[in-house]
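Report on the structure given below.
Every number in this text was worked out from the coordinates using simple rules, so none of it is lab data. Note that this is a predicted model, so its numbers are computed, not measured. Positions of Cβ are backbone-derived with ideal geometry, glycine not excepted, and every protein chain shown enters the neighbour counts.
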């Protein structure tokens with residue numbers, strides 16, 4: 001008989017995993033990752049609208065989000081290129097992380113001291129800097145999480161990361177609006193110094209990430225696996241085959257082939273003609289909620305909602321409902337399969353978008369706003385949970401990081417681009433027609449889901465109990 005003590009499988013023992021240093025680290029890095037997002041989207045659009053900037057110009061600002069859509073272009077650079085001097089002191093991951101966080105700190109400070117009335121172009125440039133730095137930070141944190149702990153800790157680290165991320169979104173949304181309202185000498189009157197104070201506070205909160213980066217240890221160096229060695233051999237062979245080209249150029253072409261072309265080629269080979277339908281679905285699945293989200297804060301200002309009302313109902317309560325929706329979506333996917341919930345989630349998002357058209361006819365009504373936000377964020381959480389599961393099912397384990405980055409980038413490119421014109425549409429027509437049009441944009445997605453479902457892994461159609 002074995003004398004080994006039985007393994008403690010109690011709920012309390014399982015929960016202790018969240019006290020692991022790596023889990024706590026990801027909580028803090030998640031906060032650092034989630035903080036910049038709203039500061040160049042929702043919160044910034046509120047500031048610009050209150051300053052009297054035209055709607056069409058505000059929605060053009062949403063194009064800075066394309067940095068998140070194109071982050072796969074420089075992800076291989078971040079992954080392979082060490083920063084001179086700094087990498088020797090901090091390591092490759094921490095040096096890139098510190099560089100991104102310092103850029104975020106300076107970019108947010110720059111926004112704080114900018115004037116949207118007299119120098120809107122400078123604000124746009126600073127917003128681009130913040131978006132690129134934020135996307136770079138996300139790339140490094142993903143790599144750090146994967147490399148810094150064994151597989152048994154990955155779920156806990158992912159959970160604490162998402163918790164930190166959501167807390168940061170509440171801070172950058174409701175928190176920034178609350179600080180601006182507190183710093184304003186006259187309620188609901190535009191005061192530049194109030195927004196300056198809010199953005200200085202947000203910039204200082206980036207110190208959470210900076211201090212964390214300086215305190216944590218660099219992940220252990222990963223030994224090259226068989227697949228990586230094969231990739232390096234491909235680069236060498238490609239360079240030798242093109243020896244007539246300048247050496248630096250031929251090496252770059254070989255690297256680009258392996259890092260960028262191979263994941264695409266693999267995807268096309270696995271799915272064939274069906275890949276076109278799948279890519280169309282990825283590029284349009286979130287079109288309704290992304291376009292609506294771009295102009296949402298402008299809409300709330302135009303409807304007469306105060307900073308405090310928006311902070312409480314949308315930035316805090318709304319985020320909580322999204323988390324509840326995502327949790328519910330995970331349970332539903334487990335029981336009924338990915339494809340069914342992917343379809344139901346898309347349908348719910350389109351239907352709840354119509355509620356904004358109803359809200360536009362009511363004007364300032366906090367009860368109606370609470371109902372709309374409840375249903376919209378709940379359905380958005382369900383749809384997002386199913387969509388993430390679907391994207392994960394499409395990736396090849398050999399190219400999981402690159403392909404997932406590509407899919408998540410494609411997901412935002414077209415909706416973000418189209419959303420830039422939303423302000424002009426509202427100016428020409430009205431909010432009611434805009435929200436009805438956005439809801440209709442979600443209907444073709446249902447057709448694409450049906451077509452894409454013909455060539456997916458069988459278990460995606462099933463629930464775990466079948």
By the Cα gyration tensor axes a ≥ b ≥ c (a/c under 1.5 gives rounded; else a/b larger than b/c gives prolate, otherwise oblate), the shape of the stretch 54-115 is oblate
Could you give the length gained by full extension between residue 362 and residue 268, i.e. 0.36 nm per residue of separation minus their alpha carbon distance, to one decimal place? 29.0 nm
Please arrange 390, 429, 165 by how many other C-beta atoms lie within 10 Å of their C-beta, fewest to most. 429, 165, 390
Proxy reagent accessibility, fewest Cβ within 10 Å first, across 20, 364: 364, 20
The exposure ranking of 128, 294, fewest beta-carbon neighbours within 10 Å first, is 128, 294
Percent of Cα-Cα distances greater than 22 Å, calculated over the stretch 15-222: 50
For the stretch 272-466, what does the alpha-carbon gyration tensor say about shape, rounded, prolate or oblate, given a ≥ b ≥ c as the root eigenvalues, a/c under 1.5 as rounded, and a/b over b/c as prolate? prolate
